[in-house]
Amino acid sequence: MDLYMMNCELLATCSALGYLEGETYHKEPDCLESVKDLIRYLRHEDDTRDIRQQLGAGQILQNDLLPIITQHGQDKPLFDACIRLMVNLTQPALLCFGKIPDDPAFRHHFLQIVSYLHAYKEAFANEKVFAVLSETLYNLLQLDWEQRQEEDNLLIERILLLIRNVLHVPADPYEEKNVDDDASVHDKLLWAIHMSGMDDLLKFLASAQSEQQWSMHVLEVISLMFRDQTPEQLVSAGHSRSAQEKQKDTSELESLRQKEQAEKRSRIMQRGNRHSRFRGSYVVEGLKSIGEKDVIFHSGLHNFKNYSHDAGKATRRVPKRKQMARDTDSQRRSVLNVRLFLREFCVDFLENCYNRLMYLVKESLIREHAQQHDETYYMWALSFFMAFNRGNGCKAELVSETLSVRAFHFIEKNITNYYEMMLTDKKEATSWSRRMHLALKAYQELLMTVNEMDHSKDENIRQSANVIKSNIFYLMEYREIFLTLLRKFDERMQPRSFLRDLVESTHLFLRMLERFCKGRNNLLVQKKKAKRTTRKKKPSAPTENTPEALEETWKIVSEELQSCGFQLSEALTEGAVPFDAASEIPVTEQRTEAMIRIQDAVLARTGPEALSLLRAAREVWPEGNVFGSAEVQPEEELELLKQILFAELPSKITIENCDIPACQSIKVVFASPNIVRPYLILLRSYATNTPHTNHCVVRMLHRVGVDLKMDALLFQLSVFYLFNKILSDPAASAYKELVTFAKYILNRFFALAARNNKAFIELLFWKNVGAVREMTEGYSKDGCKKVIWTPEEEEELRQLYEEHKDSEDPDIVETLLPLLSNTNRTRRHVVAQMVSMGLVDSVKDLKKERKGTRIVLWTEDQEQELQMLFEEYKDSEDILGNILKHLTAKRSRARVVDKILSMGLVSDRRELYKKRRRNTAGKSTGMTEEDFFADLSGAPRRDAITGDEEEEDELEDELMDEDEDEEEKEEVRVVPEKKNRRRESAVEKNTSVGTMLPFIFIFWLTGLSGPVLWLQNCLNRAADDREEDGVSHPVPLVPLTEENEDAMENKSFQRLLRKVGIRAPADEQESFWRIPATLSIYQLRVLATSLNPLKENEVGGPAESEESVPSSVAPQQEDEGPDSQELRAQALRALLLARQRKRSAEDTNSEPDFIILQNLQPISYDLLAV
């Protein structure tokens, strides 16, 4: 249906509604059907919302729908249909379009709908309309639940939604240019709600137990009613101004008067004695102009302090993404009668509805019965009504539902969630920032209410406040929320009002904490700390874990386990949990912790518990057989427990909650440039800030600069520029606190600059605590205090090293540490001193061996078996391969190599590498039939392929062994891999396409033609994509069929991939082979063509065919004629068929022989025709 026809039908439908004659509306007989047609039209409107715009332009709601419900409300079907239509027409424009459109055309449609909504809101500001709605809602609420139908509940919900939509329409800033105490459209709407009694019905819905399903709708309507109001204005409505308010206004007027007088004096001082035509020109010495000469100033001297090189330059445009966020909150003072009505509403709501309504809304939010972002209405109601209650007498019992630690936790959780979403959802970062600001104001109001309760005359209220403060001061989550928000403040997404509330909330929190700490010397707070405990040997006093004691313990534990037959009870098996999924400790460290628990259980002589932990740990960490293999025998488990008992396990790290002094811990963390910088951003607008905001900023800077003696943290050029602006302000007398603090910091800086000539350079940088200490106390050579060793201590260290250097202790530093007379020496101190004294060459010689995580069980029988196998195969070409093949207990290559080295069977691991033999060109002794065909076709032999793979495995095992001995795991592995890739890429570049042709024929003969064609298609597609995009990226080869998956696991096919140039997976994070980005489009197409031998022969011609003949075949074919080539082809074909029949004889199905024969015959002719 085109637009013209749609407009005609829409006009006809609107005409069928009725007409207005004077004050009477005459409805047509088809009025109900016409309303339903309009609802149906709205359901099928396009993206521009054309139907909605045409209905708004025609003023259908003002001229038809509102008169129908006011004059024909007794017609229930018509009334219901009109309410449905008005709910649809008045829904927010943002809901219609999803977001504010960026396209100019759609933005025009969006603004057009907003203008129609403004007209709707003005039409609803009528007492008659709300009188009908109130009467209808009242009659519906009078019905019992047994009498109320589903249609009645729908009508109640639609009336509430209609009121919500009308109140949600924003004020028009161009039309409503009213001053305070003047009636706006929103005020008229609120007065109509009050005169119709709708406010009383809202309070009834909020308090009635039988109407709790409307709790969220009611809270939403109430929040929109108080949208432009402040609790302070409503509290003071109808009351005379207090002396404090009068004093505040007087001080503000006096401040403005001083500013005006100071500016007037400055203007008088700027006037020169002579006429401006005789002001002269001046040379500014020391200030260079664009050239090498000094600046010439063509103005009066009184204007020189305003001179800048930037004068006259065009202002640089700031990109939109870097502009500061703007405040969107608008507050205005309504007329007095509206404020009085709203004040009475707040009083009644707090006394009768607040606690119950907030409980129901909180339950809906927790149970996720509400819609998305409905928690913002909850947090608004919490902050608004608690602020009103605090100003209206602060009765704690009226807001008891939201005055608890659970409320703090709920808001803190939402603040954290909003912050994370603001970082992840960049497009909606502004919306998430507004939500976080709302949550912050709710948190601030909770703190202010608790602070007000602390000054109450009632002892019970003060005790309740102390309980809440004890929780929020002790728990880390509630303290560090302000630190996190200050550190992560971003002025591009968070407005200045957010920073102001954050600074004031932080000031209030610290002031409450300081007051709470007075007289409490034992106040502690919770802090998560990494605690390291090391098990050290103390030779001075014998401990109970001596070798004799351990032998005695093991004897008792082993007898206990053998007596019970290694059988564990069900309760003991289920109770052994070595892994904590909710723990903050990493999984690898939990594995070490589990081994320490096993050792502790054995030391406690509880053998069954230790065995149950061992078996449970084996199930949790099966990789590497750290806790034994899955098929381990009981005797081996017993031996493994013995090794764990006698092992010296490493240090363990546990995250625990430690208690530290409160004020000390919290003040120190604010001494950071990331915390100070947001305060200075807020201080830039000191002239427009309130006196309380400026006081909060100065108080925090005073805590940092004076209380913590970190004044050097403020020695920064931008800070001094701001201080200079404050001191040179004509109205500086109005900011006495700021001026005093600025002078103090400047005096401290110049005093420091007198003894530190680098202080002026330090002004250019923000400094941390370490840099501040160096700046004030002196710079050290290494940036930290050097540990001093006396000559006696050096001689003691030298003697101890000479005594123990030949011992078999693997870690000599751990041996020397307990023997030193100075017990304050750490391992790092000792290692550094030994290197400086020349006792060892490098720190790497004293690296601490990683223990406890690589315990592998080797029984005496297995050691003897390993020694016998080594003696048997030590003269073979592949010593390690034969040992691994015949070893009973399967071990990894690295473990076997380590054990052979530890037993002293070889002195170097290179002796275990496979020995390579290179046969001469004409030698054919020992050649099998498969080798004959491989040599004939130019394909690699199986032993060559296997040898290369084993060589790569040996290289990987060698790197893995080095990884286990050193901590720099990733750095050790990356370099050989890069060298490998460079070596492989060099080989692949030197490999010609022609040498791959016989190799490809072998895959066609062995039934791998499908994967070869798939590889060819992948190369062609990669070439086409790179030609279209103009960009080269690595392309993974993803096999989608079972045949291709089997081929990717085939060693020979992998050899082909390497020969073509496909890159193998670089590490365990990659799963697929990849076409490298270094291959050009031409190389890809050449490689793809070479994978089809038939196409290669057709395209290449005789010259290319001769180049692709293997060197072993080409000399023979040059001397042979056509007859000899035919005989040779028949012989080769017969030999291949004989081999295929021999293999297929073992299978009952003989059909593959026919298929092989059929596919083989033409391919064999092509092979010998090359």
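The values are calculated or read from the model by the stated rules, or taken from the named source; none is laboratory data. Source: prediction; values computed, not measured. No Cβ is skipped: glycine too gets one built from the backbone with ideal geometry, and neighbour counts run over all protein chains shown. Only protein heavy atoms, including side chains, enter the accessible area calculation; ligands, DNA and RNA are left aside. Shrake-Rupley method; radii C 1.70, N 1.55, O 1.52, S 1.80 Å.
Give the residues of the stretch 820-848 that are within 14 Å of Tyr801 (Cα to Cα), open to solvent by less than 40 Å² (accessible area, probe 1.4 Å) and outside any helix (DSSP H, G or I), sorted by residue number.
Once the filter is applied, which keeps residues that are within 14 Å of Tyr801 (Cα to Cα), open to solvent by less than 40 Å² (accessible area, probe 1.4 Å) and outside any helix (DSSP H, G or I), the stretch 820-848 yields Leu820, Leu839, Val840.
Looking only at the stretch 33-59, count every residue that is part of a helix (DSSP H, G or I), open to solvent by 50 Å² or more (accessible area, probe 1.4 Å) and under 21 Å from Leu78 (Cβ atoms) and tell me the total.
So in the stretch 33-59, the residues part of a helix (DSSP H, G or I) come out as 33-43, 50-57.
Retained after the next criterion (residues that are open to solvent by 50 Å² or more (accessible area, probe 1.4 Å)): 33, 36, 40, 43, 54, 57.
Within this subset, residues satisfying the condition of being under 21 Å from Leu78 (Cβ atoms) are 33, 36, 40, 43.
Of the residues in the stretch 33-59, 4 are part of a helix (DSSP H, G or I), open to solvent by 50 Å² or more (accessible area, probe 1.4 Å) and under 21 Å from Leu78 (Cβ atoms).
Among the numbered criteria (1) exposed (fewer than 11 other Cβ atoms within 10 Å of the Cβ); (2) in contact with a Phe, Trp or Tyr (Cβ under 7 Å, 6 or more places away or on another chain); (3) hydroxyl-bearing (Ser, Thr, Tyr), which single criterion is violated by Thr315?
(2) is the only condition that Thr315 fails.
Only one residue in Leu161, Leu167, Leu154 is at pLDDT 90 or above, under 17 Å from Ile83 (Cα atoms) and open to solvent by 60 Å² or more (accessible area, probe 1.4 Å), so which one is that?
Numbers: Leu161 fails: open to solvent by 60 Å² or more (accessible area, probe 1.4 Å); Leu167 fails: open to solvent by 60 Å² or more (accessible area, probe 1.4 Å).
Step by step, each of Leu161, Leu167, Leu154 is checked, and only Leu154 is at pLDDT 90 or above, under 17 Å from Ile83 (Cα atoms) and open to solvent by 60 Å² or more (accessible area, probe 1.4 Å).
Looking at Tyr378, Tyr443, Tyr419 in this structure, which one is surrounded by 21 or more Cβ atoms within 10 Å (Cβ to Cβ), among the aromatic types (Phe, Trp, Tyr), over 22 Å from Val347 (Cβ atoms) and touching a residue at least 60 places away in the same chain (Cβ under 8 Å)? Before you say what the answer is, go through the steps one by one.
Details: Tyr378 fails: over 22 Å from Val347 (Cβ atoms); Tyr419 fails: surrounded by 21 or more Cβ atoms within 10 Å (Cβ to Cβ).
Among Tyr378, Tyr443, Tyr419, only Tyr443 is surrounded by 21 or more Cβ atoms within 10 Å (Cβ to Cβ), among the aromatic types (Phe, Trp, Tyr), over 22 Å from Val347 (Cβ atoms) and touching a residue at least 60 places away in the same chain (Cβ under 8 Å).
Could you check how many residues of the stretch 116-151 are more than 14 Å from Ser196 (Cα to Cα), open to solvent by 30 Å² or more (accessible area, probe 1.4 Å) and touching a helix residue (DSSP H, G or I) at 6+ places or on another chain (Cβ under 8 Å)?
Result for the stretch 116-151: 7.
For the stretch 379-409, enumerate the residues that are more than 17 Å from Asn466 (Cα to Cα), small (Gly, Ala, Ser) and outside any loop (DSSP other than H, G, I, E, B).
Across the stretch 379-409, the qualifying residues are Ala381, Ser383, Ala387, Gly391.
Yes or no: Cys353 surrounded by 21 or more Cβ atoms within 10 Å (Cβ to Cβ) and within 15 Å of Leu224 (Cα to Cα)?
On the way: surrounded by 21 or more Cβ atoms within 10 Å (Cβ to Cβ): yes; within 15 Å of Leu224 (Cα to Cα): no.
So Cys353 fails the test.
Go over the candidates Ala731, Ala712 one by one and state the one that is in contact with a Ser or Thr (Cβ under 8 Å, 6 or more places away or on another chain) and more than 19 Å from Phe750 (Cα to Cα). It would help to see each step written out before you state the result.
On the way: Ala712 fails: more than 19 Å from Phe750 (Cα to Cα).
Exactly one residue qualifies, and that residue is Ala731.
Between residues in the stretch 687-699 that are within 20 Å of Ala671 (Cβ to Cβ) and residues that are of a type in the set (A, V, I, L, M), which pairs lie under 7 Å by C-beta distance while being six or more apart or on different chains?
Cys696/Val503; Val697/Val503; Val697/Leu682; Val697/Leu683; Val698/Leu738
Any idea how many residues of the stretch 449-473 are surrounded by fewer than 19 Cβ atoms within 10 Å (Cβ to Cβ) and part of a helix (DSSP H, G or I)?
Going through the stretch 449-473, the residues surrounded by fewer than 19 Cβ atoms within 10 Å (Cβ to Cβ) turn out to be 451-452, 454-463, 466-467, 470-471.
Narrowing the set further to residues that are part of a helix (DSSP H, G or I) leaves 451-452, 459-463, 466-467, 470-471.
Qualifying residue count for the region: 11.
What residue, of Glu636, Glu593, Glu589, is at pLDDT 75 or above, open to solvent by 40 Å² or more (accessible area, probe 1.4 Å) and touching a strand residue (DSSP E or B) at 6+ places or on another chain (Cβ under 8 Å)? Explain how you work it out, then say what you get.
Details: Glu636 fails: touching a strand residue (DSSP E or B) at 6+ places or on another chain (Cβ under 8 Å); Glu589 fails: at pLDDT 75 or above.
Matching residue, one of Glu636, Glu593, Glu589: Glu593.
Filter the stretch 544-562 down to residues that are modelled with pLDDT under 85 and aliphatic (A, V, I, L, M) and give me whichever is surrounded by the fewest Cβ atoms within 10 Å (Cβ to Cβ).
Ala549
Only residues that are touching a helix residue (DSSP H, G or I) at 6+ places or on another chain (Cβ under 9 Å), open to solvent by 20 Å² or more (accessible area, probe 1.4 Å) and farther than 21 Å from Val697 by Cα: list them for the stretch 754-770, please.
Going residue by residue through the stretch 754-770, those that are touching a helix residue (DSSP H, G or I) at 6+ places or on another chain (Cβ under 9 Å) are 756, 758-760, 762-769.
Subset that is open to solvent by 20 Å² or more (accessible area, probe 1.4 Å): 758, 760, 762, 764-766, 768-769.
If the condition is that a residue be touching a helix residue (DSSP H, G or I) at 6+ places or on another chain (Cβ under 9 Å), open to solvent by 20 Å² or more (accessible area, probe 1.4 Å) and farther than 21 Å from Val697 by Cα, then Lys758, Phe760, Glu762, Leu764, Phe765 are the ones that fit.
Do we find that Ser15 is small (Gly, Ala, Ser), open to solvent by 60 Å² or more (accessible area, probe 1.4 Å) and under 29 Å from Leu155 (Cβ atoms) in this structure?
Values: small (Gly, Ala, Ser): yes; open to solvent by 60 Å² or more (accessible area, probe 1.4 Å): yes; under 29 Å from Leu155 (Cβ atoms): yes.
For Ser15, the condition - small (Gly, Ala, Ser), open to solvent by 60 Å² or more (accessible area, probe 1.4 Å) and under 29 Å from Leu155 (Cβ atoms) - is met.
Pairs needed: first member in the stretch 122-147, under 30 Å from Ala183 (Cα atoms) and among the β-branched types (Val, Ile, Thr); second member anywhere, open to solvent by less than 100 Å² (accessible area, probe 1.4 Å) and not in a helix (DSSP H, G or I); C-beta distance under 8 Å; at least 6 residues apart or different chains.
Pairs found: Val132/Gly73; Thr136/Gly73.
Only one residue in Gln258, Gln229, Gln244 is in a helix (DSSP H, G or I), modelled with pLDDT of 75 or more and open to solvent by 10 Å² or more (accessible area, probe 1.4 Å), so which one is that?
Working: Gln229 fails: in a helix (DSSP H, G or I); Gln244 fails: modelled with pLDDT of 75 or more.
After ruling out the rest, the residue left standing is Gln258.
Considering only residues that are under 26 Å from Val896 (Cβ atoms), open to solvent by less than 60 Å² (accessible area, probe 1.4 Å) and not basic (Lys, Arg), look in the stretch 607-619 and name the one that is nearest to the chain's Cα centre (by Cα).
Ala617
Looking only at the stretch 745-784, count every residue that is in contact (Cβ under 8 Å) with a residue 12 or more places away in the chain and over 42 Å from the mean Cα position of the chain (by Cα) and tell me the total.
The number of residues fulfilling the criteria is 2.
Here's the yes/no breakdown for (1) in a loop (DSSP other than H, G, I, E, B); (2) charged (D, E, K, R); (3) more than 29 Å from Ser433 (Cα to Cα):
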position	(1), (2), (3)
Ser334	yes, no, no
Phe341	no, no, yes
Glu344	no, yes, yes
Asp348	no, yes, yes
Tyr359	no, no, no
Lys362	no, yes, no
Leu365	no, no, no
Ala370	yes, no, no
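Can you list residue pairs whose Cβ atoms sit under 8 Å apart, with the first residue in the stretch 72-85 being more than 15 Å from Leu61 (Cα to Cα) and the second being modelled with pLDDT under 90 and open to solvent by 30 Å² or more (accessible area, probe 1.4 Å)? Count only pairs 6 or more apart in sequence or on different chains.
Between residues of the stretch 72-85 that are more than 15 Å from Leu61 (Cα to Cα) and residues that are modelled with pLDDT under 90 and open to solvent by 30 Å² or more (accessible area, probe 1.4 Å), there is no close pair.
With the requirement that a residue be more than 18 Å from His702 (Cβ to Cβ), at pLDDT 90 or above and among the acidic types (Asp, Glu), what does the stretch 480-509 give you?
Once the filter is applied, which keeps residues that are more than 18 Å from His702 (Cβ to Cβ), at pLDDT 90 or above and among the acidic types (Asp, Glu), the stretch 480-509 yields only Asp501.
Hey, does the stretch 89-105 have a residue that's closer than 29 Å to Trp191 by Cα and open to solvent by 50 Å² or more (accessible area, probe 1.4 Å)? Can you show your working first?
Step one: filter the stretch 89-105 for residues closer than 29 Å to Trp191 by Cα, giving 89-96.
Then drop every residue that is not open to solvent by 50 Å² or more (accessible area, probe 1.4 Å), which leaves 94-95.
Yes, some residue in the stretch 89-105 is closer than 29 Å to Trp191 by Cα and open to solvent by 50 Å² or more (accessible area, probe 1.4 Å).
Residue check, Phe720 against (1) open to solvent by less than 60 Å² (accessible area, probe 1.4 Å); (2) farther than 29 Å from Glu263 by Cα; (3) not small (Gly, Ala, Ser), all met but one. Which one?
(2)
Have a look at Ile68, Ile113 and point out the one that is at pLDDT 90 or above, of a type in the set (A, V, I, L, M), buried (at least 19 other Cβ atoms within 10 Å of the Cβ) and within 41 Å of the chain's Cα centre (by Cα).
Going through Ile68, Ile113 in turn, just one is at pLDDT 90 or above, of a type in the set (A, V, I, L, M), buried (at least 19 other Cβ atoms within 10 Å of the Cβ) and within 41 Å of the chain's Cα centre (by Cα): Ile113.
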